[in-house]
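Below is one structure, written out as structure tokens; the observations come after it.
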Amino acid sequence: MTKRQGTAARAESGHRAGLTPGAVARAALGLLADKGADGVSVRGTAERLGVRMNTVLWHAKTKTRLLELMADAIVAEIPLDGLPADPRARVRELLSRYRAVLLAHRDGARIVAGTYAAEPATLRFAEALTAALLQGPRGEREAAWTAWDLLYFVLGLTQEEQSVPAADDTRLDRAVAAGDYSSLRRLAPHLRDTSFDGRFAHGLDLLLGPDADQRHAQP
């Protein structure tokens, strides 16, 4: 079989199976739910779909491409309607929805953070976020960099939330107690704090400034 014939055969196989990139992404997300990020593979996705591996490879030629499709499928779950008119409130609401869909998938933040998906749903979300930032007082560069800062913050915090140690894990306490870490000892109760909703709101306040109600309440 020539190279051209092999490519045509894979295309025909993919179409016969009725697969689309979306169907492949959904199957991979099902695998993610069962096995976590380390258990995701092109072969495992094919087995879940009940097709040959070459059929999945037609849509996702590498694991990197498979992860990109998965990341975009996760972001596609963010509703972009019913957003506040106020730009600052809209940014906060968009990021709240972003965090919610990441948390809805096992290792969701790890999947999205590990990709650079210039895909339709990811771009639509980025457009909504940057449009809101541009309506505020920021110039173009500051709006772009603030968007990155916000996304990095949400992804990092959510990854921690999805991998937080068990309550009885005392490794941090023992490590701090055994060394010369006086500042860490003072902060230990706060460093162990798993109030992620509060930490999320605090981070947005630092990056965006407080909401209008909070500003008006300040002396």
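The values are calculated or read from the model by the stated rules, or taken from the named source; none is laboratory data. It should be emphasised that the depicted structure is a prediction, and the values quoted were computed from it without experimental measurement. Glycine gets a Cβ as well: all are built from the backbone with ideal geometry, and neighbour counts include every protein chain shown. Surface accessibility is based on the protein's heavy atoms, side chains included, excluding ligands, DNA and RNA. Shrake-Rupley method; radii C 1.70, N 1.55, O 1.52, S 1.80 Å.
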- Magnitude of the Cβ-charge dipole of the chain, K/R +1 and D/E -1, about the Cα centre, nearest 20 debye? 1020 debye
- Message: Give me the extension gain from L172 to L184: residue separation times 0.36 nm, minus the current Cα-Cα distance, reported in nm with one decimal.
- Response: 3.3 nm
- Query: Spin-label point model (7 Å from Cα, Cβ direction): what's the A126 to L83 distance in nm?
  - Reply: 1.5 nm
- Longest DSSP-loop-exposure-free segment, chymotrypsin sites (Phe, Trp or Tyr not before Pro), the chain, at most 16 other Cβ within 10 Å: 1-115
- Taking the square root of 5λ for each eigenvalue of the C-alpha gyration tensor of region 76-211, the equivalent ellipsoid has semi-axes, largest first and in whole angstrom, of 32, 18, 13
- In the chain the accessible area split gives carbon plus sulfur, as whole percent at 1.4 Å, a share of 53 percent
- Give me the accessible area per residue for the chain, probe 1.4 Å, as a whole number in Å². 60 Å²
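Using a Förster radius of 22 Å, what is the FRET efficiency between S163 and R192 based on their Cβ-Cβ separation? Nearest 0.05, please.
0.90
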- How far is it, in nm, from the label point at K35 to the one at W145 when both lie 7 Å from their Cα along the line to the Cβ? 4.2 nm
- Net charge over other residues, Cβ less than 15 angstrom from the Cβ of L103 (K, R count +1; D, E count -1): 0
- Item | Shape category assigned to region 69-152 from the gyration tensor of Cα positions, a/c cut at 1.5 | prolate
